[in-house]
Amino acid sequence: MNKNSSDIMALAPNTPNKRETVCIFGTGDFGRALGHKLIQSGYPVVYGSRSTQISNLIPKDAEVLGHAEAAQKAAIIIIAIQRQHYNFLTPLAEVLRGKVLVDISNNLKLNQYPESNAEYLAQLLPGSKVVKSFNTVSAWALQSGTLDASRQVFVCGDDVEAKQMVMNIVRALGLTPLDKGSLLAAQEIENYPLQLFPMWKFPIFLSLGLAAFFFLYCVALDIVYTYIYENNNFSFFIAITIPNRVCPVVALILLALVYLPGIFAAIIQLYRGTKYRRFPDWLDKWMLCRKQLGLIALAFASLHVVFTLVTPLRAFASWRTSKRIISQALNNKTEPLDHTNAWLSDSYLALGILGYFLFVLLGITSLPSVSNNVNWREFRFVQSKLGYLALIFCTAHTLVYGGKWFLSPSAYKWYLPNIYILSLIVPCAVLVVKFVLIFPCVDKPLTRIRQGWERNPKYSE
């Protein structure tokens with residue numbers, strides 16, 4: 001019984017009395033929020049401030065002292081002030097000698113200074129051990145406890161023991177530390193919070209550019225052309241009809257663009273005869289943002305589904321249906337069922353449903369909570385094999401629906417092809433080249449290259 005009790009005690013977290021005191025320089029929003037979180041985790045906290053008067057904003061269990069006196073009470077000092085105020089630390093150099101200084105500052109823009117704030121602090125106080133950390137966590141997240149979006153905390157520094165002490169504090173706060181190496185990584189860590197969706201910029205700009213181009217293209221052909229040559233005002237198409245044409249077109253092209261860089265990579269490897277040479281920068285960046293391209297494509301496909309579902313509710317659809325019924329009644333003639341049209345209609349709907357189902361499956365498996373629970377072979381099967389199958393279904397869906405316009409002269413308004421014809425160029429090219437790449441005469445050498453074989457080893461880089 002005693003042995004079990006001692007084992008349990010050994011595994012239990014440290015009690016608050018055994019936590020080391022943490023000093024915080026700075027009583028701003030983040031300094032106060034971090035101090036409150038540290039106290040909740042059992043750390044004694046002392047604030048170093050110019051004013052030693054207790055404020056209602058300071059956590060009630062924290063102590064407030066002058067900078068020098070507060071620094072003497074702790075081995076770890078969190079510098080929760082901006083870089084432009086670091087100069088006041090210089091007179092405290094002897095007091096801070098050997099102490100662990102945690103720089104948590106951020107800048108207003110990327111690469112604002114030649115060196116990082118942490119490196120600048122290390123230059124001011126060469127006798128101290130500077131560690132960069134906590135700059136990716138917001139004061140609001142610490143106060144509210146909603147840390148799901150910022151649970152990972154980057155840590156870097158030149159002293160291994162100092163980094164370990166800081167990472168222990170990070171873990172005690174319920175966060176996840178990630179060691180980024182020496183203090184040279186501080187610039188990258190400080191730039192991280194200033195980046196606005198770095199991997200999403202190209203996919204978003206590309207998708208918005210495609211959407212704008214096809215929207216204006218449809219406006220020109222479906223509204224301007226019909227108004228000029230047919231004297232029909234279809235301006236209301238801007239609300240639902242044109243978006244319902246643009247969304248599937250953009251979704252299909254973006255889905256094809258997810259797999260196009262893989263085609264380029266295979267061709268380059270076959271041409272070079274080796275996998276040990278870097279791809280061009282543009283291809284590297286393209287391959288890194290394939291997940292984002294796919295998710296944006298899924299968003300456009302979902303909008304297409306919603307627009308299609310509300311189409312029967314439109315006044316234009318009701319008017320067109322009633323007009324057809326009245327026309328048949330006046331002519332005392334019932335139009336027979338066109339079985340060819342019925343087959344085409346059901347076929348493109350079925351293909352669209354299957355394509356969208358696989359599309360959603362690709363999106364679900366890209367979630368970290370799902371992808372972390374499958375092995376690499378399973379993930380590759382879904383993203384590659386089922387991904388190409390989704391592309392085939394979606395391309396076939398568009399072909400069956402818009403194929404009738406290929407040979408129809410009336411579809412070429414101002415000698416311009418229909419939007420669905422344009423949307424098929426990239427996906428059809430991807431599928432055709434992929435079909436060639438799976439031929440045994442091509443697939444076997446490509447597989448050998450990806451397994452490490454080289455055509456001319458002496459030329460590999």
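The values are calculated or read from the model by the stated rules, or taken from the named source; none is laboratory data. Keep in mind that what you see is a predicted model, and the values were worked out from it rather than measured. Heads up, the Cβs are rebuilt from the backbone with ideal geometry, glycines too, and the neighbour counts pull from every protein chain shown. These accessible areas exclude ligands, DNA and RNA; they are computed on the full protein's heavy atoms, side chains included. Shrake-Rupley method; radii C 1.70, N 1.55, O 1.52, S 1.80 Å.
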Legend entry - R0 of 22 Å, Cβ-Cβ distance LEU270-PHE205: FRET efficiency to nearest 0.05: 0.10
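Among 392-405, 439-452, 58-71, how do they line up from the highest to the lowest mean number of other beta-carbon atoms within 10 Å? Don't skip to the answer; put the middle values down first.
On the way: 392-405: 19.2, 439-452: 11.8, 58-71: 16.6.
My ranking of the peptides, most packed first, is 392-405, 58-71, 439-452.
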Inset, instruction - For a quick protection proxy, order the peptides 178-188, 267-277 by their average other-Cβ count within 10 Å, most packed first. - result: 178-188, 267-277
Legend entry - Accessible surface of region 163-267 [probe 1.4 Å, protein heavy atoms]: carbon and sulfur percent: 68
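Quick check for you: with a 1.4 Å probe and neighbouring chains kept, what is the accessible area per residue of region 200-451, in Å²? Present the calculation step by step, with values, prior to reporting the outcome.
Numbers: 15250 Å² over 252 residues.
With the other protein chains kept in place, region 200-451 gives 60 Å² per residue.
Counting alpha carbon pairs within less than 8 Å and at least 6 residues apart, what relative contact order, in whole percent, applies to region 22-194? Walk me through the intermediate numbers first.
Values: 330 pairs, mean separation 34.4, N = 173.
Value for region 22-194: 20 percent.
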Inset, instruction - Just order 296-304, 98-106 by mean Cβ neighbour count inside 10 Å, highest at the front, would you? - result: 98-106, 296-304
Inset, instruction - Taking the Cα centre of the chain as origin, work out the dipole magnitude from +1 charges on Lys and Arg Cβ and -1 charges on Asp and Glu Cβ, in debye rounded to 20. - result: 960
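Once you wrap a convex hull around the alpha carbon atoms of the chain, what is its projected area averaged over all directions, in nm²? Spell out each step's value before the answer.
On the way: hull surface 147.6 nm².
So the Cα hull casts an average projection of 36.9 nm².
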Legend entry - Modelled FRET efficiency - R0 35 Å, ARG380 with PHE406, Cβ distances, 0.05 increments: 0.50
Legend entry - Which of LEU142, LEU208, THR334, positive extreme of dipole for the chain (C-beta unit charges): THR334
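If you roll a 1.4 Å probe over the heavy atoms of the protein chains, what accessible area per residue do you get for region 22-194, in Å²?
Numbers: 8090 Å² over 173 residues.
Value returned for region 22-194: 47 Å² of accessible area per residue.
Would you please classify the overall shape of region 22-194 from the alpha carbon gyration tensor, given that a ≥ b ≥ c denote the square roots of the eigenvalues, rounded means a/c under 1.5, and beyond that prolate means a/b larger than b/c while oblate covers the rest?
On the way: a/c = 1.43, a/b = 1.08, b/c = 1.32.
In terms of gyration-tensor shape, rounded.
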Legend entry - DSSP-defined beta bridges in the chain - what % are antiparallel, rounded to 5: 10
Legend entry - Net length gained if the chain between GLU161 and LYS413 were fully extended (0.36 nm per residue, minus Cα distance): 83.5 nm
Inset, instruction - Could you let me know the centre-to-centre spacing of region 355-409 and region 58-81, using Cα atoms, in angstrom? - result: 56
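If the limit is 25 Å between Cα atoms, which of LYS37/LYS163; LYS99/LYS180; LYS129/LYS285; LYS285/LYS434; LYS37/LYS201 go over it? Display every interim value, and only then the final one.
Details: LYS37/LYS163 20 Å; LYS99/LYS180 21 Å; LYS129/LYS285 37 Å; LYS285/LYS434 21 Å; LYS37/LYS201 35 Å.
Result: LYS129/LYS285; LYS37/LYS201 exceed 25 Å.
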Legend entry - Calculated FRET value between THR176 and PHE88, using beta carbons and R₀ = 41 Å, to 0.05: 0.80
Inset, instruction - Quantify, in whole percent, the carbon and sulfur part of the accessible surface of region 312-428 (1.4 Å probe; protein heavy atoms only). - result: 66
Inset, instruction - Treat region 200-451 as a sphere of radius equal to its Kirkwood radius over Cα pairs and apply Stokes-Einstein at 4 °C in a medium of 1.567 mPa s; give the translational diffusion coefficient in µm²/s, rounded to a whole number. - result: 63
Legend entry - Positive-end extreme of charge dipole, the chain - chosen from LEU354, ILE39, SER369 (charges on Cβ): LEU354
